[in-house]
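Some notes on the structure that comes next.
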Amino acid sequence: MPQWAVTIPTLTAQGTFGTHVFIVTADRPEEACGHAVARADTPASRRHRRDATLRLAALTVAEITPRWSM
């Protein structure tokens, strides 16, 4: 099953931009996005990004290709 890097931009209450990246396993990119958004909603993830707001409209997803498969 492919692995995906899902990058979700964030915005803090102070106006600082950042990103929160999740590596997930899924069959399709849409499924990977769903897994990442669900993980981003956990208390541990919110603490990690210091309660920064997720900018889901700007989410990106990229398949991770192992070097040995090239």
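Of note:
- Of residues in region 1-32 being in a loop (DSSP other than H, G, I, E, B) and of a type in the set (Gly, Ala, Ser), the one surrounded by the most Cβ atoms within 10 Å (Cβ to Cβ): ALA26
- Yes/no for THR65 being modelled with pLDDT of 95 or more and among the polar types (S, T, N, Q): no
- Number of positions in region 40-64 that are closer than 20 Å to GLY15 by Cβ and among the β-branched types (Val, Ile, Thr): 1
- Those residues of region 36-70 which are open to solvent by 40 Å² or more (accessible area, probe 1.4 Å), under 21 Å from MET1 (Cα atoms), in a helix (DSSP H, G or I) and in contact (Cβ under 8 Å) with a residue 24 or more places away in the chain, in sequence order: VAL37
The values are calculated or read from the model by the stated rules, or taken from the named source; none is laboratory data. All values derive from a computational prediction rather than experimental measurement. Neighbour counts run over all protein chains shown; Cβ positions are idealised from the backbone, glycine included. Heavy atoms of the whole protein, side chains included, go into the accessibility calculation; ligands, DNA and RNA do not. Shrake-Rupley method; radii C 1.70, N 1.55, O 1.52, S 1.80 Å.
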